[in-house]
Every structure is written in structure tokens, then in C-alpha cells.
Amino acid sequence: MGKSVRRSMMGAAGFLAVALFLTACSGGGDGDAEAEAGLRGCEEVFGAAGVAKVRAVVGDNKFRGVSTPWSSIARAMLKEARQYDPDGEDWTRSRHEPCELSANGIELRRIVEVHVKWSVLTMDTLKTGADRGKWTKEAQDVYVYKRADARTIKVIVPCKVSGTAPEQRNALPLEVIAYTSSETGAEGDSLAATLLPSLVRNTQKHLGCEKPVSVPDALVP
């Protein structure tokens, strides 16, 4: 093999090594940027103070956020609500996830997970139906259900959006759910309750609920 050929091969190999190194570095940067974008999205869900509260509990070890834009969630939920027909057949409600927070040092990847959807329950059911004993009225038109361990909390409030039947407000109320991992320890017991008020308020705002319900700062006694 001639010297010129060997030089060409060595040059090509060197170029490939540099390209692979730059690609790897670029990939890491993209991952960091994506993680930061996810955390910023979660701050729009819980507020910066809410995300800081979770970080204080689980630590900084690969603390990450994954978020879904409010515009995407609102578009899907408004479409569902406007398809609601009080005289038609009932249908399955889609569940949407505005934010998920995780940390590397925790056994379960998901530390905090929240969902929003149109509830299968009605406001009348919460007030007088068979489910009324499971829900606590925390404020006017604000009903809360919590599991015994307080790590899963649900909130239902009426939410009338434009372009829907009048019955939609009570028959198709808004349901917001927060889950926290048991791996967060004793300090994590209050996370769901801490994060829910801002989540409910922000969901009402982004859906454009007419006459949004006033949500107290403390939803669980």
C-alpha cells in the first residue's frame, strides 16, 4: 500500500473520530437543553416554587422534567368538550399529562406525575350521589378525594368552556390528579397537596374556563 493511500486513510479515520466526538458532545448538549425545557414547562404547571419544592425533597441528582405544552392539552380537551352531547351516548375521557418530574437517585423513575381530564363524575353526583362520601368539599364547587396515604389526590371543579352545551359545566367537570412516589419518603407526603392548587388554577386558565372557581391554597386538611 502506497504512502499516499495510507495518509488518506489515516486522515479519513481522524476526521471520523473528530466527527463522532462532536456528535457525542452535541447529543449531551441537546439532552441538557431538553431537560431544562422540560423543567421550564413544569414550572408553568406548578409554578417555580412548586418545582423547587420537589427538587428540595428529591435532590439535584439528575433532576429532570418532562412536560406537554398547555396549548396541545387545551386543544385536545376543548375539542372533546365541544363534542359533548347531553342527549348522546357517553364516551371515554382522554387523560393528559402536563408534567412529570423524576430523579436518578429514586428507585421509581417518576417522582411526581399529574393528569388532567374531563371527569366521568358529575357535580350532582359529588353533591348528592353515591360518590359524595368519598369526596370532601374544600371550598365552593371544589371537591377533593385523597387516598389514605395522601400520595394520590384528585380535585374536581366545574369548568364551562366556550362553544359547548350549557350542561357541560356540571355534567363534564374538570378533574385534576396528582401522584407522588412513595420513594420520596416522609417529606413527600405533602407534595401532592402542595402542588395541586397552582395546577388546578393553571388548568382553568389555559382551558379558558368561564367564571373559574376560586381554589384555596390548602386543599387537604
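The values are calculated or read from the model by the stated rules, or taken from the named source; none is laboratory data. Note that the coordinates shown come from a computational prediction; the quantities given were computed from them, not determined experimentally. With ideal geometry, Cβ positions are generated from the backbone for all residues, glycine too; neighbour counts draw on all protein chains shown.
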Contacts under 7 angstrom Cβ, first residue in region 35-61 being farther than 23 Å from ARG201 by Cβ, partner among the hydrophobic types (A, V, I, L, M, F, W, C), 6 or more apart: VAL58/ALA103; VAL58/ILE106; VAL58/ILE111; GLY59/ALA103; ASN61/ALA103
Any hit, region 58-65, residues being modelled with pLDDT of 85 or more and closer than 16 Å to VAL114 by Cβ: yes
Filtered residues of region 64-79 (kept if surrounded by fewer than 19 Cβ atoms within 10 Å (Cβ to Cβ) and either part of a helix (DSSP H, G or I) or among the aromatic types (Phe, Trp, Tyr) (or both)): SER71, SER72, ALA74, ARG75, ALA76, LEU78, LYS79
VAL51 vs. criteria touching a Leu at 6+ places or on another chain (Cβ under 8 Å), modelled with pLDDT under 85 and either charged (D, E, K, R) or over 19 Å from SER119 (Cα atoms) (or both): no
